[in-house]
Amino acid sequence: VDYGKNKPLFVITATGDYQAKEKSNYRQTLDFGFSGQANESRFMRTASGVECDFEKGYVMMREGSITGISSLIEGVSGSGEVEIVIYKNGNEVGFRNRMSVSTGIEKDFDLQSEEVLTFEAGDVISVRVISEEELTWKDAISTLEILTK
């Protein structure tokens, strides 16, 4: 609509019964890490520094989906496979990062569609580094991307 000013004006009209449906998803990240050196499998810590386990981790406040994971780890000595495994209520969910690690920094990220790996309010999400014993590693960092409704 041209009403004689430099800024445009848009008008939207509808007739009959019309109800707009709101579908809002909120993208968030859950940050995990392990500072130090290890040569065994270990749970990561939350951003507040608390070490996770099968029962401890982030408690979900809303229903939603895990849509991504990114990880970085530094190999100190030896070599082997490392998996960064996500747990929901103490059970592996099947979505993970997998890397071949020797000395130096390795990284990986994976994405998946919304509503493939879902959670409910009250579910506990934790992350664990699973490594082969021939590998000494340090300073693992993982971020989970979640969508909540």
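In loop segments of the stretch 41-149 as defined by DSSP, the GluC sites (Glu not before Pro) with at most 16 further C-beta atoms inside 10 Å of their C-beta are 55, 63, 114, 115, 120, 132, 133, 134. For the stretch 51-121, the mean projected area of the C-alpha convex hull, equal to one quarter of the hull surface, is 5.3 nm². Seen through its C-alpha gyration tensor, with square-root eigenvalues sorted a ≥ b ≥ c, the stretch 11-149 comes out prolate because a/c lies at 1.5 or above while a/b is bigger than b/c. Eigen-decomposition of the gyration tensor built on the alpha-carbon atoms of the stretch 28-81 gives equivalent ellipsoid semi-axes of 25, 14, 10 angstrom, largest listed first. Percent of Cα pairs in the stretch 82-149 per distance bin of 10 Å, from zero to the largest separation: 17, 50, 25, 8, 0.
Ordered by 1.4 Å accessible area with all protein chains kept, 118, 29 run largest first as 29, 118. Shown here for the stretch 22-61: trypsin sites (Lys or Arg not before Pro) in loop regions (DSSP other than H, G, I, E, B) with at most 12 other Cβ atoms within 10 Å, namely 23.
The values are calculated or read from the model by the stated rules, or taken from the named source; none is laboratory data. Every value quoted in this text rests on a predicted model; they were computed, and no experiment measured them. Neighbour counts run over all protein chains shown; Cβ positions are idealised from the backbone, glycine included. All accessible areas refer to the heavy atoms of the entire protein, side chains included, with ligands and DNA or RNA removed. Shrake-Rupley method; radii C 1.70, N 1.55, O 1.52, S 1.80 Å.
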